[in-house]
Amino acid sequence: MAVPPVARGLHLLRLRVRHFLSPHRRPIFSFLFPGSTQSKEDVSSSTTPNTIVKENPNFFDKINKTNHNNTWEHVQDQILLDIDPIVRLVKDILHSPRYMNGARLTPDDEKAVVEKLLAYHPCSEDKIGCGLDSIMVDRHPKYPQQRCLFVVRTDGGWTDFSYQKCLREYVRKQYPSHAEKFEREKLAVRFERQQQRFCLHTTGKL
């Protein structure tokens, strides 16, 4: 017995609907955009990252270290610019012929030494005592081959003081967070070189 045309049409319609609702159905117009189709596995793999970008653990350490070095170089340059004028002045006072042994400093030189050095000596009050009359340059009482600075008091007494101690204390007070490193890396080396030059000079090797 032949199947009526209407029943055959309904059967074909059911097949098309099932195909349309199938999860494995290829999307319409996929033949026009072949790269636009993705399976569930593709979608899940694209939404869930399965690769981890590994950062170089030393990369940021190098950046921080470089920034730190640049900052430290900037700080030590600032400190050197600050103390260089008074260091040059003291060297000129102690080693130039413009001051003979026992000579008192000029008012300008004395003002700079008192404000930039003596005021920062750890024992400045004891050094000044009853009062400051002047600053004198003369030979060191224990090391006569060296010259140093002296505080001349108002009562006629006098005592020597180390400009290096003053300079260290100045840096500690003005740059407290960098003083220790600066003293270790800069001041100690500078003072050691000065001592070596002085020894060579006194022995006639310079």
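The numbers here are math on the coordinates, done by the rules we state, and not lab data. Since the structure is predicted, the reported quantities are computational estimates derived from the model, not experimental observations. Please note: Cβ atoms are built from the backbone with ideal geometry, for glycine as well, and neighbour counts cover all protein chains shown.
See the values below:
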item: Meets criteria (touching a Phe, Trp or Tyr at 6+ places or on another chain (Cβ under 9 Å), of a type in the set (Val, Ile, Thr) and more than 30 Å from Glu73 (Cα to Cα)) for Val90; result: no
item: Selection count where residues are closer than 15 Å to Tyr163 by Cα, surrounded by fewer than 18 Cβ atoms within 10 Å (Cβ to Cβ) and in contact with a helix residue (DSSP H, G or I) (Cβ under 8 Å, 6 or more places away or on another chain), scope the stretch 128-146; result: 1
item: Matching option when the condition is surrounded by fewer than 16 Cβ atoms within 10 Å (Cβ to Cβ) and under 28 Å from Ser177 (Cα atoms), among Arg98, Arg88; result: Arg88
item: Selection count where residues are surrounded by fewer than 16 Cβ atoms within 10 Å (Cβ to Cβ) and not small (Gly, Ala, Ser), scope the stretch 110-127; result: 6
